[in-house]
Amino acid sequence: MPGAPSMAHRHPGFVLGYVLEGEMKFAINGASPALVKTGGTFFEPRGALHTTGASASPDAPVRFLAFIVAPKGSPVVLPA
């Protein structure tokens, strides 16, 4: 749903993301959210707390591609 935020979470490995369409609010470890526009990238170090992730607009979706590099067999998402 456009504008709906993700819940705070962690990943067992690092994350490299690329925004395919739209604009995304993104922050880790409680930092102020950054605006990542179409064609922009974002990075989460292993174990960082992903605290903000949502479309920058309540009326427009954001599409992104995320590569999660983690140990084989690990869960993709860990609780905050």
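The relative contact order of the chain, computed from alpha carbon pairs under 8 Å that lie at least 6 residues apart in sequence, is 46 percent. Put simply, the Cα atoms of the chain extend 36, 22, 21 Å along their principal axes, the longest span coming first. Put simply, the amide H of Ala48, placed in the peptide plane, has neighbours under 5 Å in His11, leaving out anything fewer than 5 places away on its chain.
Each Lys and Arg Cβ is given +1 and each Asp and Glu Cβ -1; about its Cα centre, the chain then shows a dipole of about 260 debye. Take the Cα of Glu23, step 7 Å toward its Cβ, do the same at Leu78, and the gap between the two points is 3.3 nm. The ranking of Phe14, Phe43, Phe64 from fewest to most other beta carbons within 10 Å of each one's beta carbon is Phe43, Phe14, Phe64. Using the Karplus relation 6.51 cos²θ - 1.76 cosθ + 1.60 with θ = phi - 60°, the per-residue 3J(HN,Hα) values for segment 12-27 come to x, x, 7, 10, 10, x, 9, 7, 7, 7, x, 10, 10, 8, 9, 7 Hz, with x marking Gly and Pro. Temperature 37 °C, viscosity 0.692 mPa s: under these conditions the Stokes-Einstein estimate for segment 1-40, based on its Kirkwood radius over C-alpha pairs, is 283 µm² per second. In order along segment 33-50, the Karplus-derived 3J(HN,Hα) couplings, from 6.51 cos²θ - 1.76 cosθ + 1.60 at θ = phi - 60°, round to x, 9, 9, 10, 8, 3, x, x, 10, 9, 9, 10, x, 3, x, 5, 8, 7 Hz, and Gly and Pro are given as x.
Every number in this text was worked out from the coordinates using simple rules, so none of it is lab data. Just so it is clear, the model here is predicted, and its values are computed rather than measured. So basically every Cβ, Gly included, is an ideal-geometry build from the backbone, and we count neighbours across all protein chains shown.
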